[in-house]
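The values are calculated or read from the model by the stated rules, or taken from the named source; none is laboratory data. Since the model is a prediction, treat every value here as computed from it, not as a measurement. Because the Cβ atoms are built from the backbone with ideal geometry, glycine has one as well, and the counts that use them run over all protein chains shown. The accessibility values were calculated without ligands, DNA or RNA, using every heavy atom of the protein model including side chains. Shrake-Rupley method; radii C 1.70, N 1.55, O 1.52, S 1.80 Å.
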Amino acid sequence: MKLSLNKIADALGVKVNSDVLITSVSTDTRKIDKGCLFICLKGERFDAHDFIPQAVEKGAAAVVSEKDVKCSVPVLRVQSTHKALLDIARMYRESFDIPVVGLTGSVGKTTTKEMIYCVLSEKYHTLKTQGNLNNEIGLPTTLLSLDEEYEAAVIEMGMNHFGEISALTRTCLPTMAVITNIGVSHIEYLGSRDGILKAKCEIFEGLEKGSFVVLNGDDDKLITVKNDDFKIIHYGINNPENDFRATNIIQNGESTSFTALFKNKTQSVVIPTVGLHNVYDALAAFAVGICEKIEPKKIADGLSKYTPAGMRQRVKNVNGVTVVEDCYNASPDSQKAAVDTLKALNGKRKIAVLGDMLELGEKSEELHGQVGEYVKKSGIDMLFTYGEMSKFTAKAASNGKTVCQSYTDKGVLTKKLLETLEEGDVVLFKASRGMKLEEVINNLYGEWNYNE
């Protein structure tokens, strides 16, 4: 990065008497280097204005501040440093004439992002959102890491309130948009699935007219989206009207094969993961690849290189037990999909460990119960739940084939799993991130003397 301070000041609508060269932007004093612009963000538990002296000492060339501060380097005084970060990122992103795929959705955003990255990387040197940096701080930080070596980008957008996707997409300025589905995540704040649909469709606000919009055509809400400003294409498995369809789906152990149908053509695809939800994600990425004029065979090659990110559906064999680690996040839709994945894996007994799903508001009890009903119909062998709300999952799943037990203490749950799990079993762990269910997994691994 090489930006004059004057150009940054113009983007923020302020004046500055110095034209120093800015070579990086940071909101974290731990990541300050010489020539850095330090943006002082304020949160509920911190105020970066308190760390201006440390930032300058480490080499910050200028500061963006909401306060009048005395400083040995230039200070750009703004009303909102959060907005300033977005404005600077937008100005910087506008200097790159490259394909930028923006995506959002209730479930599967990160997996779809990773698969799109694999596809685009077959043609372009591609930047992607790292981890969960998909909010008003993470997204601009990602964009500000662009440089002349990048030829494309795939940017994930998360939210839980109206207006958040709007701000992100107007910063990102995507050249293509993808929406994976409309579930019930964050329904506590958005009221209904119609509210969630409205919030997700804010992604169009930063999209240039005539751009491709890739939507899940099997989703009952997304199929209703109409907008003549964009080229809308649909993907899916069930709707015969979808532009991209997956057929001949076969799950083999830890991989899934399918045939992609599109434009009267076919392409065989194999992804190194299981579950129909992952087929949807792969098909979305396939559609993006075709829109970017990547050869179908190269798209399939890219998808074959996908690896799960973070704590998302990592499959390991430990002490003869197949462990599915899927503790990054959870919603009713993703927990049901995870149960389907569990059923598809080869094993003696199928055991699910499900924790609470957060941010479901007044519908939490009902939605946890719905997951329990799904578990009951699935016929898996055992269900262990962790958390107060997941008791309703276990209650709804009882009186069927599945043996159900509820726990609110991770130590007690770990002890019971150690007593229960046998060689040949498959055990799935799935919960909202805030439940920290991975602590149970780590406790198990410790007792098994397993180190990665």
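Couple of notes before you dig in:
- Some residue of the stretch 393-415 being outside any helix (DSSP H, G or I), surrounded by fewer than 23 Cβ atoms within 10 Å (Cβ to Cβ) and under 26 Å from the mean Cα position of the chain (by Cα): no
- Looking only at the stretch 100-148, and only at residues there that are within 24 Å of Val269 (Cα to Cα) and hydroxyl-bearing (Ser, Thr, Tyr), the one that is surrounded by the most Cβ atoms within 10 Å (Cβ to Cβ): Thr112
- Residue under evaluation Asp228, criteria (1) farther than 27 Å from Gly138 by Cα; (2) in a strand (DSSP E or B), criterion not met: (2)
- Candidates Ala246, Ala285, filtered to the one that is open to solvent by less than 30 Å² (accessible area, probe 1.4 Å) and either under 28 Å from Glu151 (Cα atoms) or among the basic types (Lys, Arg) (or both): Ala285
- Taken as a whole, the structure leaves Met157 outside the set of residues that are of a type in the set (A, V, I, L, M, F, W, C), in contact (Cβ under 8 Å) with a residue 40 or more places away in the chain, open to solvent by 10 Å² or more (accessible area, probe 1.4 Å) and touching a strand residue (DSSP E or B) at 6+ places or on another chain (Cβ under 9 Å).
- Residue within the stretch 428-440 that is farther than 23 Å from Leu360 by Cβ and open to solvent by 40 Å² or more (accessible area, probe 1.4 Å) present: no
- Odd one out for Phe46 among (1) in contact (Cβ under 8 Å) with a residue 12 or more places away in the chain; (2) over 30 Å from Gly183 (Cα atoms): (1)
- Qualifying position, being buried (at least 18 other Cβ atoms within 10 Å of the Cβ), of a type in the set (A, V, I, L, M, F, W, C) and modelled with pLDDT under 95, among Met357, Met311: Met357
- Among the residues listed as Leu261, Leu207, the single one being farther than 22 Å from Asp333 by Cα, at pLDDT 95 or above and open to solvent by less than 30 Å² (accessible area, probe 1.4 Å): Leu207
- Condition met for Ile299 (over 17 Å from Thr180 (Cα atoms), among the β-branched types (Val, Ile, Thr) and open to solvent by less than 10 Å² (accessible area, probe 1.4 Å)): yes
- Residue count for the stretch 428-440, restricted to those that are modelled with pLDDT of 90 or more and part of a helix (DSSP H, G or I): 4
- If the condition is being surrounded by 14 or more Cβ atoms within 10 Å (Cβ to Cβ), in a loop (DSSP other than H, G, I, E, B) and hydrophobic (A, V, I, L, M, F, W, C), then the stretch 16-70 contributes Val16, Val20, Ile32, Cys40, Leu41.
- Apart from one condition, Asp97 fits all of (1) closer than 30 Å to Lys293 by Cα; (2) buried (at least 17 other Cβ atoms within 10 Å of the Cβ); (3) free of Cβ contacts under 8 Å to residues at least 24 places away in the same chain; the exception is (2).
- Within the stretch 167-183, the residues that satisfy the criterion of being open to solvent by less than 20 Å² (accessible area, probe 1.4 Å), out of contact with any Phe, Trp or Tyr (no Cβ under 8 Å at 6 or more places or on another chain) and either at pLDDT below 95 or farther than 15 Å from Leu133 by Cα (or both) are Pro174, Val178, Ile179, Ile182, Gly183.
- Restricted to the stretch 101-190, the set of helices (runs of 4 or more DSSP H) holding at least 1 residues that are more than 24 Å from Ser26 (Cβ to Cβ) comprises 109-120, 164-172, 187-190.
- Candidates are the residues of the stretch 191-204 that are at pLDDT 95 or above and of a type in the set (A, V, I, L, M, F, W, C); the one that is least open to solvent (accessible area, probe 1.4 Å) is Ile203.
- Extreme residue, modelled with the lowest pLDDT, among residues of the stretch 340-354 that are among the aliphatic types (A, V, I, L, M) and buried (at least 22 other Cβ atoms within 10 Å of the Cβ): Leu342
- Residue that is nearest to the chain's Cα centre (by Cα) [pool: residues in the stretch 416-427 that are surrounded by 14 or more Cβ atoms within 10 Å (Cβ to Cβ) and not in a helix (DSSP H, G or I)]: Val427
- Test: Thr81 is open to solvent by less than 10 Å² (accessible area, probe 1.4 Å), touching an Asp or Glu at 6+ places or on another chain (Cβ under 7 Å) and closer than 23 Å to Cys40 by Cβ: yes
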